[in-house]
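Shown next, in structure tokens, is the structure this report addresses.
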Amino acid sequence: MTRRPKVLVVDDEPDYLQIAARIAARAGCAVFTAATALEGVALASAQKPDMILLDVGLPDISGFEAARRIRKVPALAAVPIIFFTVRSELDMVAEGLKLGAAGYVLKPFDPDELSRRIKAAVLPA
Amino acid sequence: MTLTAHCVTSDAGVSAFLKAALKGFRLKFYPSAGAFLRAAPGGGLAVIDAFLPDMSGRDLAAVLRGDQKTRRLSLVLTGAGPYSPAAAAVCFDNGADEYFAFPPEPRLFRARLVNLLARSCAAGPAPAEKPAEYRFKALLVSPEARTAQIGRAALKLTALEFDLLVYFLRNQGRVVSRSVLLEQVWRQGMEAGLRSVDKRIEALRYKLGRPFGSKIKTVFGLGYIFKL
């Protein structure tokens, strides 16, 4: 039996966390969730997810900083990270993509698009 | 003068179409949203593919429209065919000047791009704003005049209901949670309470009547989605 891809969703906004988790689950993934960036970094280190959906405006440290810390874990150096956020300023988006993000999705998002991006990130080409 | 078009696409088919349809243009290709944002040209015309490897075309349009440096670009969005009015409306709402289902008819595509470039050169760059009004069949909503009508009958909406309707129109096809509505429409965080969102949406559905009110759908446990 093939293993289900593991997806970590990090968002402090419960509704978005639930929506994104549900979309990832419907895409066939095993989902882990965290409501803070530091919790997300710890969960990522422990679970070694196949991709991470990461909010940018988190209460403790930013999603960008969390991504930098996650990338320092050797096993997660190349894990696909998709930022999903209300932050649409050009500089912010450019910085996120420069961090090697697999995607940048603006909230409120189109569920179909998020699902497509999750599948593209976790399924082999 | 050589016309320049910035082409943001990772799709070989779209690239080939653009090279054929825009012969004589100077074409600059960018394989991703990130590559285009690094260049961030301040003027001219950009043709943006709907589904880029790192971002959707419509999200990229919203980002470009929101920035002082890039807001004056003429933006042409292409979507995967067949033509969808709803997809086109979302693209226009995010700031697109033109929208084409792919593949468009090459001569029409070229002519409209030439016109767009000519207008932007002649009139000088004009800042793009949100659409002045939304029209769907008999429903007409003007955010600036703060009027909404179905046919000739004006809708009697409260200020909050009107703001809610405009927010839905600007975010068609997207799930919006109740707490996001509280933040974006009520602008007072959670104090108003999630129940007040449900009540106000019920009132808005009732006032819109069945044909349009039914377009505000409840996504159980998540929030609402507005699809026309």
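Pick from region A:83-104 the residues that are within 25 Å of B:Tyr224 (Cβ to Cβ) and at the interface with chain B (Cβ under 7 Å from one of its Cβ atoms): which of them is most open to solvent (accessible area, probe 1.4 Å)? Don't jump to the end; show me each part of the working.
Of region A:83-104, the ones within 25 Å of B:Tyr224 (Cβ to Cβ) are A:83-88, A:103-104.
Within this subset, residues satisfying the condition of being at the interface with chain B (Cβ under 7 Å from one of its Cβ atoms) are A:88, A:103-104.
Details: A:Ser88: 46, A:Gly103: 0, A:Tyr104: 0 Å².
The qualifying residue most open to solvent (accessible area, probe 1.4 Å) is A:Ser88.
Consider region B:8-48. How many of its residues are within 13 Å of chain A (Cβ to nearest Cβ), open to solvent by less than 30 Å² (accessible area, probe 1.4 Å) and polar (S, T, N, Q)?
Qualifying residue count, region B:8-48: 1.
Can you tell me how many residues within region B:195-228 are part of a loop (DSSP other than H, G, I, E, B), without any contact (Cβ under 8 Å) to a residue 40 or more places away in the chain, closer than 14 Å to B:Gln172 by Cα and not polar (S, T, N, Q)? Break it down stepwise before answering.
Our first condition is that a residue be part of a loop (DSSP other than H, G, I, E, B); within region B:195-228, this holds for B:214-215, B:220-222, B:227-228.
Those left that are additionally without any contact (Cβ under 8 Å) to a residue 40 or more places away in the chain: B:214-215, B:220-221.
From what is left, the residues that are closer than 14 Å to B:Gln172 by Cα are B:214-215.
Keeping just the survivors that are not polar (S, T, N, Q) gives B:215.
Adding up the residues that qualify gives 1.
Consider region A:65-82. How many of its residues are β-branched (Val, Ile, Thr) and surrounded by fewer than 17 Cβ atoms within 10 Å (Cβ to Cβ)?
Here the count works out to 1.
Can you confirm whether A:Arg4 is farther than 14 Å from A:Phe84 by Cα, more than 14 Å from chain B (Cβ to nearest Cβ) and surrounded by fewer than 17 Cβ atoms within 10 Å (Cβ to Cβ)?
Yes, satisfied.
Would you mind finding the one in B:Leu108, B:Leu117 that is more than 14 Å from chain A (Cβ to nearest Cβ), surrounded by 15 or more Cβ atoms within 10 Å (Cβ to Cβ), hydrophobic (A, V, I, L, M, F, W, C) and over 18 Å from B:Ala40 (Cβ atoms)?
B:Leu117
Considering each residue of region B:49-74, count those that are of a type in the set (A, V, I, L, M, F, W, C) and within 11 Å of the chain's Cα centre (by Cα), and give that number. Talk me through it step by step, then tell me what you get.
First pass over region B:49-74, keeping only residues of a type in the set (A, V, I, L, M, F, W, C): B:50-52, B:55, B:60-64, B:73.
Cutting the leftovers down to within 11 Å of the chain's Cα centre (by Cα) gives us B:60-62.
Within region B:49-74, residues that are of a type in the set (A, V, I, L, M, F, W, C) and within 11 Å of the chain's Cα centre (by Cα) number 3.
For a quick check of your reading of the model, give me the residue pairs whose first member lies in region A:35-55 and is farther than 19 Å from A:Ile19 by Cβ, whose second is among the aliphatic types (A, V, I, L, M) and open to solvent by 50 Å² or more (accessible area, probe 1.4 Å), with beta-carbon atoms closer than 9 Å and at least 6 apart or on different chains.
What qualifies is A:Ser45/A:Ala75; A:Lys48/A:Ala75.
Could you list all residues from region A:105-125 that are among the charged types (D, E, K, R) and more than 9 Å from chain B (Cβ to nearest Cβ)?
A:Lys119
Any idea how many residues of region A:11-39 are open to solvent by 60 Å² or more (accessible area, probe 1.4 Å) and within 13 Å of chain B (Cβ to nearest Cβ)?
So the count comes out to 5.
Kindly indicate the residue of region B:49-72 that is assigned to a strand (DSSP E or B) and at the interface with another protein chain (Cβ under 9 Å from one of its Cβ atoms) and also farthest from B:Arg38 (Cα to Cα) among those meeting that condition.
Once the filter is applied, the top-ranked residue is B:Phe51.
Would you be able to say whether some residue in region B:73-93 is under 16 Å from A:Val93 (Cα atoms), more than 9 Å from every other protein chain (Cβ to nearest Cβ) and of a type outside the set (Val, Ile, Thr)?
No, because not a single residue in region B:73-93 is under 16 Å from A:Val93 (Cα atoms), more than 9 Å from every other protein chain (Cβ to nearest Cβ) and of a type outside the set (Val, Ile, Thr).
The values are calculated or read from the model by the stated rules, or taken from the named source; none is laboratory data. These numbers come from a predicted model, not from an experiment. Cβ: placed from backbone, ideal geometry, glycine included. Neighbour counts: every protein chain shown. We work out accessible area using only protein heavy atoms, side chains counted, and drop any ligands, DNA or RNA first. Shrake-Rupley method; radii C 1.70, N 1.55, O 1.52, S 1.80 Å.
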